[in-house]
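Here's the structure we're looking at; comments come further down.
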Amino acid sequence: MHFADSLATLRLDPGSATPMFRQLYLAIKQAILAGTLGPGVQLPPTRELSTMFGVSRQTILNAYSQLLAEGYLSGVVGKGTFVSSSLPIANALNSGKPHQLIRPLSARGERFTGPEAYLPYHQGASRAFRIGMPGLDAFPFDVWSRLEARCWRRPPHELGYGDPAGYLPLREALAGYLRASRGVQCTADQIIITSGSQQAVYLIATMLLMPEDKVWVEEPGYRGINASLRAAEACICPVPVDNEGLNVAHGISHYPEARLVYVTPTHQLPLGMTMSLPRRLELLGWASANKTWVVEDDYDSEYRYGGPPLASLQSLDKSGCVIYVGTLSKVLFPGLRLGYIVAPPALAQAFTQGKAIMDRHAPLVPQAVLADFIQEGHFQRHIRRTRDVYAERRDTLLRAIDARLSDRLTVGATDTGLHLPVMFRQPCDDHVIAKAGLDHGLELRGLSYFYNETQADTRRVGVCGLLLGFAAIPPAEIRRGVDRLHALLNKQF
């Protein structure tokens with residue numbers, strides 16, 4: 001098609017906020033991308049076009065110059081200006097049909113998609129009974145903002161590309177804290193700062209596992225580890241838990257060749273029990289003898305209401321087989337996206353290099369602020385204060401359940417963490433109940449969600465229940481939430 005015909009209806013608007021050369025540039029560009037101006041079509045001389053549109057020749061020159069610079073046009077001295085003949089125009093780009101991928105995802109890419117890999121996320125303000133969320137109303141944002149402002153006034157020299165392992169003062173502060181509070185045997189050189197614990201477990205799985213390597217996971221357990229293992233092409237091996245935690249004997253008898261074990265020994269997710277000392281020693285003895293790695297996810301152990309926090313599994317490890325994973329999401333807030341790995345010395349450098357490949361390093365300024373937050377005593381004060389706040393909220397929830405729902409629910413372990421499990425006294429579909437909760441203003445998570453088996457297989461005694469978070473909402477909202485849950489269950493049963 002001739003150039004004049006293709007732009008016959010174009011009118012440049014001198015009153016527009018968009019400069020006229022830009023209007024012309026966009027019109028010619030769109031005509032080329034749409035295939036209206038095909039490869040090799042010659043454009044009019046600039047003088048002719050300036051007369052056609054009633055604009056200065058410089059306006060035309062500016063538009064042509066931009067199109068030449070971006071490769072839409074090519075100029076030949078003595079011959080004129082043409083639509084570039086090298087463009088793969090354009091019918092495919094603007095066919096009016098939905099875009100189709102030329103190639104599907106790879107087999108590995110497929111492992112990042114689908115319901116097995118989906119990780120839920122928080123939407124909207126906190127409400128009863130959101131899990132995985134601390135109380136933002138208890139966080140000292142005034143202190144944090146003051147420390148952050150000071151950091152910007154005196155920015156650390158590491159604002160370039162920093163150490164992939166993380167900001168050294170933060171790693172030193174965390175090493176001191178973990179030695180004192182959790183008995184973790186470590187130095188700053190063993191700590192790698194990650195973008196949350198989810199990245200930590202994915203990094204571990206990617207670095208240590210070959211495709212189809214077997215991995216023990218707790219049944220029921222944290223679904224996020226399954227997503228990471230699935231992405232790493234590992235074979236997920238569910239091992240049941242009982243009142244003493246992970247059933248190590250079951251794992252040994254069914255999956256003796258496992259290369260890695262994932263466990264939440266201090267506060268099992270979701271059922272809440274603590275792994276007994278005999279089980280811990282049994283696991284460590286077997287892992288050491290079989291050269292198997294153990295990932296200890298210590299996600300909310302700071303909040304124990306019946307005494308001081310328990311010592312970590314890593315503190316018992318004499319052979320260097322435990323990889324300790326921690327997070328700041330439960331103590332501070334999830335949006336901070338800071339977690340950490342305490343790696344055995346033999347793995348620390350490799351994990352650091354792996355972290356560098358993933359995303360260079362975690363954001364520096366939040367690390368620097370957190371280092372000051374810990375070193376100046378705010379971190380420990382915050383934990384002590386929130387432990388009291390959450391204990392009150394837990395007690396409020398327990399009293400409300402006892403008063404309103406004791407005929408419907410039994411309560412599981414309650415001495416640690418930011419949530420508590422409850423089991424229904426009669427068989428039901430907890431997924432249906434959780435979904436119905438949305439209509440009552442409740443955010444519920446069924447216990448069946450945490451199982452690897454199909455929901456139909458898990459509807460048995462002790463499985464049908466809910467995980468109720470209490471830390472994120474004040475006591476009055478907890479009581480209102482229990483009232484709404486009571487109304488919901490009256491409709492369901």
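Within 10 Å, count the other beta carbons around each residue, average over each peptide in 412-422, 246-256, and list them highest first. Walk me through the numbers on the way to the answer.
On the way: 412-422: 22.0, 246-256: 17.5.
Listed from highest to lowest mean packing, they are 412-422, 246-256.
Suppose R0 equals 60 Å; then what is the FRET efficiency for Ala188 and Asp13 from their Cβ-Cβ distance, rounded to the nearest 0.05? All intermediate terms of the calculation are to be shown ahead of the outcome.
Values: r = 63 Å, r/R0 = 1.05.
That pair, Ala188 with Asp13, gives E of 0.45.
Which of the lysines could a cross-linker span from Lys214 if the Cα-Cα distance has to be under 16 Å and same-chain partners fewer than 8 positions apart are dropped?
The qualifying lysines are Lys291.
What is the spin-label model distance, in nm, from Trp152 to Ala413 if the labels are put 7 Å beyond Cα along the C-beta direction?
It is 4.3 nm.
List the aspartates and glutamates whose Cα lies under 16 Å from the Cα of Lys318, skipping any in the same chain that are fewer than 8 positions away.
Correct list for Lys318: Glu282, Glu296.
Mark the label point 7 Å from the Cα of Gln380 along Cα→Cβ and return the residues of region 185-213 whose backbone N is within less than 20 Å of it.
Correct set: 185-188.
Rounded to two decimals, what is the ratio between the C-alpha radius of gyration of region 180-327 and 2.2 N^0.38 Å?
On the way: Rg = 14.2 Å, N = 148, 2.2 N^0.38 = 14.7 Å.
For region 180-327, the normalised Cα radius of gyration is 0.96.
Excluding residues fewer than 8 places away in the same chain, name every one of the aspartates and glutamates whose C-alpha is closer than 20 Å to that of Lys491.
Asp402, Asp407, Asp429, Asp430, Asp439, Glu443, Asp483
If you line up the long axis of helix 20-33 against the longest principal axis of the chain, both from Cα atoms, how many degrees apart are they, to the nearest 10?
Once rounded, one gets 80 degrees.
Taking the number of other C-beta atoms within 10 Å as the exposure measure, put Phe129, Phe53 in order starting with the fewest. Walk me through the intermediate numbers first.
Values: Phe129 27, Phe53 17.
Fewest to most other Cβ atoms nearby, the residues stand as Phe53, Phe129.
When N counts the residues of region 381-492, how does its alpha-carbon radius of gyration compare numerically with 2.2 N^0.38 Å, as a ratio?
On the way: Rg = 14.1 Å, N = 112, 2.2 N^0.38 = 13.2 Å.
Scaled against compact globular proteins, the figure is 1.07.
Once the Cβ-Cβ distance between Ala403 and Cys235 is put in as r, and R0 is 60 Å, what FRET efficiency do you end up with, to the nearest 0.05? Show your work: numbers first, answer last.
Numbers: r = 46 Å, r/R0 = 0.77.
Efficiency computed from Cβ-Cβ geometry: 0.80.
Students often check this: by mean Cβ neighbours within 10 Å, which of 169-176, 466-473, 423-430 ranks highest, and how do the rest follow?
Working: 169-176: 20.8, 466-473: 25.8, 423-430: 17.0.
The peptides rank, most packed first, as 466-473, 169-176, 423-430.
Between Ala138 and Tyr118, what is the spin-label point distance in nm, taking each point 7 Å from the Cα along the Cα→C-beta axis?
3.1
Relative to the present Cα-Cα distance, how much length would full extension add between Leu316 and Arg179 at 0.36 nm per residue of separation? Spell out each step's value before the answer.
Details: separation 137, 0.36 × 137 = 49.32 nm, distance 1.27 nm.
The Leu316-Arg179 span can extend by a further 48.1 nm.
Suppose R0 equals 41 Å. What FRET efficiency, 1/(1 + (r/R0)^6) with r the Cβ-Cβ distance, do Ala107 and Glu244 give to the nearest 0.05? Don't jump to the answer; show the numbers that get you there.
Details: r = 39 Å, r/R0 = 0.95.
Here the calculated transfer efficiency is 0.60.
Kindly work out what percent of the DSSP beta bridges joining two residues of the chain are antiparallel, to the nearest 5.
Numbers: 27 of 43 bridges.
For the chain, the DSSP antiparallel bridge percentage is about 65.
Full extension from Leu33 to Ser276: what is 0.36 nm times the residue separation minus their Cα-Cα distance, to one decimal in nm? Provide the component values of the computation, followed by the final result.
Numbers: separation 243, 0.36 × 243 = 87.48 nm, distance 6.72 nm.
Answer, rounded to one decimal: 80.8 nm.
The numbers here are math on the coordinates, done by the rules we state, and not lab data. Everything numeric in this text was worked out from a predicted model, so none of it was measured. Don't worry about glycine lacking a Cβ; one is built from the backbone with ideal geometry, like all the others, and counts go over all protein chains shown.
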